[in-house]
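The numbers here are math on the coordinates, done by the rules we state, and not lab data. None of the values given here were measured: they were computed from a predicted structure. For neighbour counting, all protein chains shown are included, and Cβ atoms are generated from backbone atoms with ideal geometry for every residue, glycine included.
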Amino acid sequence: MPKQPPEPTFAGIDAFDWDDGNVHKLWRRHRVTQAECEQVLLGRPLVVRADLGHSSAEPRQIALGRTTTGRLLMVVFTIRGQRLRVISARPMSRRERAVYGKAQVRNEGA
């Protein structure tokens, strides 16, 4: 049974939805596993924003987060019904690491 995303970031979502071809593509292109994507989306702090540049067919979002081993990843996903579907994932860019670092500082100060 898939892990369930926590509330409130993913309210109403009851599971992850994976496509086998996409899982293999993530590994071949960026050496990112399905488990790492789920760890990022289940972890905190998590920075989520709309991916307006790639949302013509369906709304997409970008998440910046950390795996349980400390790997910093950017995960692109969409929500289909009550399922969260990962579209792409890769290591964070330098700019994304800076954005994520600022979010961590804000969370520690709260």
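Summary of computed values
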quantity: Residues residue 106 and residue 35, FRET efficiency given R0 of 35 Å [Cβ-Cβ distance, rounded to 0.05]; calculated: 0.80
quantity: Candidates 47, 76, 99, ranked by Gaussian network fluctuation over the chain, Cα under 10 Å, top entry; calculated: 99
quantity: Gaussian network model of the chain, springs between alpha carbon atoms under 10 Å - residue of 45, 91, 59 with greatest fluctuation; calculated: 59
quantity: Estimated [θ] at 222 nm from DSSP helical runs (n ≥ 4, -39500 (n - 2.57)) normalised by residues in the chain, nearest 500; calculated: -10000 deg cm²/dmol
quantity: Cα centroid separation - the stretch 66-110 against the stretch 14-41, whole Å; calculated: 13 Å
quantity: Theoretical gain in end-to-end length, residue 95 to residue 14 [0.36 nm per residue, Cα-Cα removed]; calculated: 26.0 nm
quantity: Gain upon complete extension [residue 28, residue 56; 0.36 nm per residue less C-alpha separation]; calculated: 7.5 nm
quantity: Backbone HN-Hα couplings from phi across the stretch 22-27 [Karplus 6.51/-1.76/1.60, Hz, Gly and Pro as x]; calculated: 5, 4, 5, 4, 4, 5
quantity: Cα gyration tensor shape for the stretch 52-99, rounded if a/c is under 1.5, else prolate or oblate; calculated: oblate
